[in-house]
Amino acid sequence: MVNYNFNQNQNPFDDIKRFFRQGSALSVLILVNVAIWLLVQVLKVIFFFYNNPDGDIVDALLMHGFAIPASIPMLVLKPWTMISYMFLHFDIWHILFNMLWLYWFGRIFTEFLPSRQLVVIYFLGGIAGGLFYVLAFNIFPVFTEMIPISFALGASASVMAIVAAIAVYVPNYTIQLFLVGRLKIIYLAVILFVFDFFMIPSGNAGGHIAHIGGGLFGALYILLYRYSKTTVQPGNPPDFIRNLINRFRHKPTTSYSTGGNYGRPVSDEDYNLKKRDTQKRVDEILEKISKGGYDCLTKDEKEFLFRTSNKR
């Protein structure tokens with residue numbers, strides 16, 4: 001059984017600063033969420049000076065203009081809320097916990113999968129969570145009276161989609177939790193899913209339902225993604241391609257070095273960047289093979305594929 005481990009740097013603040021300097025897709029998602037929340041807080045301060053100390057007008061504008069409504073007729077009139085709702089948060093605790101989870105699991109996600117997949121799952125997972133919420137409120141009688149006044153907002157469904165996706169992709173990846181110890185992320189994802197399910201009757205039913213929808217989408221997306229990566233198209237050499245794909249599956253490493261420096265250790269950041277670039281090119285070549293066959297590769301691509309394969 002393979003175990004992947006999440007190793008934190010000695011100084012987490014230096015790691016965070018480097019992370020935001022890179023300008024990755026993950027950092028952009030976090031910054032957009034934070035920027036929108038700060039803008040809302042500034043608007044509340046401005047309205048405070050005009051005798052609206054509770055920010056009721058701002059909250060009402062956000063809720064009715066950008067949060068996703070449970071009412072289907074209202075949603076049809078405001079389709080943009082399917083996207084806008086996943087960038088809105090009520091208070092500092094709401095956005096803090098969502099962004100921490102997005103940062104932690106987004107970092108794990110980008111260790112194994114391209115950033116573009118993270119962005120796709122963030123948006124589609126949020127949409128799936130929103131649809132789950134709307135459908136549940138319009139299907140189950142318990143929510144009938146709440147439909148006209150119910151709205152949902154927050155990045156939780158998107159974050160849960162990312163958590164579920166990476167948990168399914170590398171289920172044996174372990175993290176260190178305070179007061180819990182080491183735990184495989186697949187167990188954590190299952191615990192969160194079960195928690196959301198049993199918390200539906202106790203309050204914030206729409207939020208918990210959206211979490212479940214996002215999580216289910218993330219898991220299903222990764223299952224289909226892995227299937228598409230391993231499916232061989234007719235006319236290609238099946239055994240050859242299957243062997244190559246097996247060779248390129250991610251394997252854990254306990255130590256590593258640069259290829260031409262006689263085993264001189266490199267930093268975690270340099271190693272991860274190099275590994276990510278190599279894996280990205282490998283994925284592109286494999287995708288090209290699945291569409292056009294091995295013969296469609298250039299001489300350079302064939303040499304790179306076999307050279308990388310032999311290293312693994």
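Can you name every residue in the stretch 115-132 that is under 25 Å from ILE185 (Cα atoms) and either over 11 Å from the mean Cα position of the chain (by Cα) or small (Gly, Ala, Ser) (or both)?
Hits for the stretch 115-132 are SER115, GLY125, GLY126, ILE127, ALA128, GLY129, GLY130, PHE132.
Residue by residue, here is whether (1) surrounded by 23 or more Cβ atoms within 10 Å (Cβ to Cβ); (2) assigned by TED's automatic domain parsing to the domain that holds GLY214; (3) in contact with a Gly (Cβ under 9 Å, 6 or more places away or on another chain); (4) in a helix (DSSP H, G or I) holds:
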{"position": "GLY129", "(1), (2), (3), (4)": "yes, yes, yes, yes"}
{"position": "PHE137", "(1), (2), (3), (4)": "no, yes, yes, yes"}
{"position": "VAL142", "(1), (2), (3), (4)": "no, yes, no, yes"}
{"position": "GLU145", "(1), (2), (3), (4)": "no, yes, no, yes"}
{"position": "GLY154", "(1), (2), (3), (4)": "yes, yes, yes, no"}
{"position": "ALA165", "(1), (2), (3), (4)": "yes, yes, yes, yes"}
{"position": "GLN176", "(1), (2), (3), (4)": "no, yes, no, no"}
{"position": "LEU179", "(1), (2), (3), (4)": "no, yes, no, no"}
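Any chance the stretch 36-50 includes a residue that's out of contact with any Asp or Glu (no Cβ under 7 Å at 6 or more places or on another chain), free of Cβ contacts under 8 Å to residues at least 24 places away in the same chain and not in a helix (DSSP H, G or I)?
So far as the stretch 36-50 goes, yes, one or more of its residues are out of contact with any Asp or Glu (no Cβ under 7 Å at 6 or more places or on another chain), free of Cβ contacts under 8 Å to residues at least 24 places away in the same chain and not in a helix (DSSP H, G or I).
Being of a type in the set (S, T, N, Q), more than 25 Å from LEU31 (Cα to Cα) and either in a strand (DSSP E or B) or in contact with a Cys (Cβ under 6 Å, 6 or more places away or on another chain) (or both), is that true of even one residue in the stretch 203-220?
No, the conditions are met nowhere in the stretch 203-220.
Checking PHE151 against (1) modelled with pLDDT under 95; (2) over 10 Å from the mean Cα position of the chain (by Cα); (3) farther than 23 Å from LEU61 by Cβ, which test does it fail?
The one condition PHE151 does not meet is (3).
Please work out which residue is surrounded by the most Cβ atoms within 10 Å (Cβ to Cβ), limiting yourself to the stretch 276-312 and to residues that are among the aromatic types (Phe, Trp, Tyr) and at pLDDT below 70.
This residue is TYR294.
The values are calculated or read from the model by the stated rules, or taken from the named source; none is laboratory data. If you're wondering where the values come from, they're calculated on a predicted model, not measured in any experiment. A quick note on method: Cβ atoms are made from the backbone with ideal geometry, for glycine too, and the neighbour counts reach across all protein chains shown.
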